[in-house]
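A.B. asks: After the structure tokens below, expect a handful of questions from me.
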Amino acid sequence: MDDPVLLTGASGRVGQAILDGLGDDYDWRLLDREPPTGDTDHEFVVADVTDEAALRDAVDGVGAVVHLAGDPRPEAPWESVLRNNIDGTRNVLEAAVDAGVEKFAFASSNHAVGHYETERKPGLYRSDDDFRLDGTELPRPGNLYGVSKATGETLGRYYHDEHDLSFVAVRIGNLTNGHPPIDYERGQAMWLSHRDCAHLFDCCLSADYGYEIVYGISDNDRKYYSIDRAKEVLGYDPEDNSAEWDGDEKDADA
Ligand SMILES: NC(=O)C1=CN([C@@H]2O[C@H](COP(=O)(O)OP(=O)(O)OC[C@H]3O[C@@H](n4cnc5c(N)ncnc54)[C@H](O)[C@@H]3O)[C@@H](O)[C@H]2O)C=CC1
Ligand SMILES: O=C1O[C@H](COP(=O)(O)O)[C@@H](O)[C@H](O)[C@H]1O
């Protein structure tokens with residue numbers, strides 16, 4: 001990707017994982033409603049994704065969008081997910097197709113399919129359980145935040161079919177830095193390490209695809225999400241596995 005890449009929600013946890021891994025690999029244009037707290041090597045647009053005029057300027061000349069901005073709280077109220085996640089995602093998609101953007105990677109979530117766990121937990125969090133979701137299943141959101149993520153995936157389907165935008169929704173599991181979640185087997189089953197996160201979004205920017213839904217987790221022994229589609233279509237080749245962390249508490253402060 002030679003053209004600039006717009007990264008929305010750049011100041012957040014996922015944005016920082018991507019920039020830590022890929023900061024030098026793309027011509028980034030960062031966007032967040034919060035100004036940067038320190039120096040940044042990249043162009044930075046302070047804007048809200050509900051501001052359509054600001055988005056038009058932000059997408060000008062970009063070849064791809066990685067859209068992370070939104071309310072990430074599983075318990076977020078409807079008013080917030082409607083504004084930040086649903087309206088915001090639709091605005092970014094609309095601006096992107098108007099500007100002729102080729103690729104769009106969307107931060108979806110495990111919570112879009114949270115209710116598949118209801119009748120299977122805690123067994124499905126364990127490595128001897130071979131139940132897998134693979135991205136072809138219908139959404140079963142576990143909360144209104146999950147509803148907003150499923151809606152983002154559907155918006156992407158529309159903009160792909162109507163405007164031929166290449167769209168990939170990454171149903172991100174649980175991103176933590178340095179080590180998997182501790183004393184949380186569900187979190188260990190859907191752990192996504194920082195380096196695998198950066199690599200996966202790199203794949204989203206370099207692979208060829210039409211419309212895809214993939215799971216964003218590391219290659220954990222415990223898992224109930226298949227990463228086969230991400231491997232086949234995107235070339236995802238994760239390095240980390242929550243089972244390999246040795247549990248040394250001195251590393252557990254990140
Ligand atoms: N961290 C995780 O484990 C997971 C994250 N996700 C998704 O990934 C995305 C990023 O999540 P995190 O980095 O963890 O969250 P975060 O809260 O650390 O970062 C989100 C960023 O988006 C910005 N933002 C929020 N609403 C905005 C708006 N209306 N306009 C412009 N900027 C806005 C915030 O200022 C913040 O910097 C979210 O969409 C979240 O739903 C999905 C699954 C798991
Ligand atoms: O979508 C998200 O999922 C992760 C993991 O969910 P949790 O229910 O295990 O906490 C969450 O940490 C993150 O904030 C959220 O955006």
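A.B. asks: Please tell me if residue 196 is closer than 22 Å to residue 10 by Cα, modelled with pLDDT of 95 or more, acidic (Asp, Glu) and away from ligand 2 (no atom under 14 Å from the Cβ). Steps first, answer last, please.
C.D. replies: Values: closer than 22 Å to residue 10 by Cα: yes; modelled with pLDDT of 95 or more: yes; acidic (Asp, Glu): yes; away from ligand 2 (no atom under 14 Å from the Cβ): yes.
Considered against the rule, which asks whether it is closer than 22 Å to residue 10 by Cα, modelled with pLDDT of 95 or more, acidic (Asp, Glu) and away from ligand 2 (no atom under 14 Å from the Cβ), residue 196 comes out as yes.
A.B. asks: Of the residues that sit in segment 158-182 and are within 17 Å of the chain's Cα centre (by Cα) and among the small types (Gly, Ala, Ser), which one is farthest from ligand 1 (Cβ to nearest atom)? I'd like the intermediate steps shown before the answer.
C.D. replies: To start, the set of residues in segment 158-182 that are within 17 Å of the chain's Cα centre (by Cα) comprises 166-177.
Checking the rest, the ones that are also among the small types (Gly, Ala, Ser) come to 166, 169, 173.
Values: 166: 19, 169: 10, 173: 6 Å.
Taking the candidates together, the pick is 166.
A.B. asks: Report those strands (runs of 3 or more DSSP E) wholly inside segment 1-63 carrying at least 3 residues which are within 16 Å of ligand 2 (Cβ to nearest atom), in contact with a strand residue (DSSP E or B) (Cβ under 8 Å, 6 or more places away or on another chain) and not small (Gly, Ala, Ser). Break it down into steps so the answer makes sense when it comes.
C.D. replies: Details: elements: 5-8, 28-32, 43-46.
Answer list for segment 1-63: none.
A.B. asks: Would you call residue 215 of a type outside the set (A, V, I, L, M), in contact (Cβ under 8 Å) with a residue 40 or more places away in the chain, surrounded by 15 or more Cβ atoms within 10 Å (Cβ to Cβ) and assigned to a helix (DSSP H, G or I)? Can you show your working first?
C.D. replies: Values: of a type outside the set (A, V, I, L, M): yes; in contact (Cβ under 8 Å) with a residue 40 or more places away in the chain: yes; surrounded by 15 or more Cβ atoms within 10 Å (Cβ to Cβ): yes; assigned to a helix (DSSP H, G or I): no.
Against the criterion (of a type outside the set (A, V, I, L, M), in contact (Cβ under 8 Å) with a residue 40 or more places away in the chain, surrounded by 15 or more Cβ atoms within 10 Å (Cβ to Cβ) and assigned to a helix (DSSP H, G or I)), residue 215 does not qualify.
A.B. asks: Still on this model: Can you say whether residue 156 is among the small types (Gly, Ala, Ser) and surrounded by fewer than 20 Cβ atoms within 10 Å (Cβ to Cβ), as far as the supplied structure shows? Steps first, answer last, please.
C.D. replies: Working: among the small types (Gly, Ala, Ser): yes; surrounded by fewer than 20 Cβ atoms within 10 Å (Cβ to Cβ): no.
Answer is no for this residue.
A.B. asks: Turning to a different aspect of this structure: Collect the residues in segment 186-202 that are more than 11 Å from ligand 1 (Cβ to nearest atom), closer than 12 Å to residue 217 by Cβ and either surrounded by fewer than 19 Cβ atoms within 10 Å (Cβ to Cβ) or among the aliphatic types (A, V, I, L, M) (or both), keeping them in residue-number order.
C.D. replies: 186, 189, 200
A.B. asks: To continue, here is another question. Return the pair list, or none, for Cβ contacts closer than 6 Å from residues in segment 14-26 that are more than 13 Å from residue 177 (Cα to Cα) to residues that are of a type in the set (Val, Ile, Thr) and not in a loop (DSSP other than H, G, I, E, B), at least 6 apart or on different chains.
C.D. replies: Listed pairs, sorted by first residue: 26/5.
A.B. asks: Report yes if some residue within segment 146-169 is within 13 Å of ligand 2 (Cβ to nearest atom), under 24 Å from residue 238 (Cα atoms), among the aliphatic types (A, V, I, L, M) and in contact with a Lys or Arg (Cβ under 6 Å, 6 or more places away or on another chain); otherwise report no.
C.D. replies: No.
A.B. asks: If you don't mind, there's one more thing I want to ask. Which of the residues that make up segment 169-185 are of a type in the set (Val, Ile, Thr) and either farther than 17 Å from residue 216 by Cβ or in contact with a Phe, Trp or Tyr (Cβ under 6 Å, 6 or more places away or on another chain) (or both)? Full working, then the answer.
C.D. replies: Taking segment 169-185 as the starting set, the residues that turn out to be of a type in the set (Val, Ile, Thr) are 170, 172, 176, 182.
Scanning segment 169-185 gives a single hit, 182.
A.B. asks: Here is a follow-up. From the residues in segment 52-98 that are of a type in the set (Asp, Glu) and free of Cβ contacts under 8 Å to residues at least 24 places away in the same chain, which one is farthest from residue 22 (Cα to Cα)? Reasoning before the result, please.
C.D. replies: Going through segment 52-98, the residues of a type in the set (Asp, Glu) turn out to be 52, 57, 60, 71, 75, 79, 87, 94, 98.
Still in the list and also free of Cβ contacts under 8 Å to residues at least 24 places away in the same chain: 57, 79.
Working: 57: 24, 79: 34 Å.
Going through the qualifying residues, I end up with 79.
Per-residue answers, yes or no, for (1) more than 13 Å from ligand 1 (Cβ to nearest atom); (2) touching a His at 6+ places or on another chain (Cβ under 6 Å):
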position	(1), (2)
93	yes, no
98	yes, no
107	no, no
118	yes, no
135	yes, no
142	no, yes
184	no, no
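A.B. asks: In segment 105-125, what count of residues is obtained for those that are crowded, with 19+ Cβ neighbours inside 10 Å, over 17 Å from residue 170 (Cα atoms) and out of contact with any Lys or Arg (no Cβ under 8 Å at 6 or more places or on another chain)?
C.D. replies: Number of matching residues: 1.
A.B. asks: Ok, one more. Picking from 120, 83, which residue would you name as being charged (D, E, K, R) and within 25 Å of residue 241 (Cα to Cα)? Let's see the steps before the verdict.
C.D. replies: Values: 83 fails: within 25 Å of residue 241 (Cα to Cα).
So the residue among 120, 83 that is charged (D, E, K, R) and within 25 Å of residue 241 (Cα to Cα) is 120.
The values are calculated or read from the model by the stated rules, or taken from the named source; none is laboratory data. Since we're looking at a predicted model, the values are computed, not measured. Counting neighbours? That spans all protein chains shown, and the Cβs are built from the backbone with ideal geometry, glycine included.
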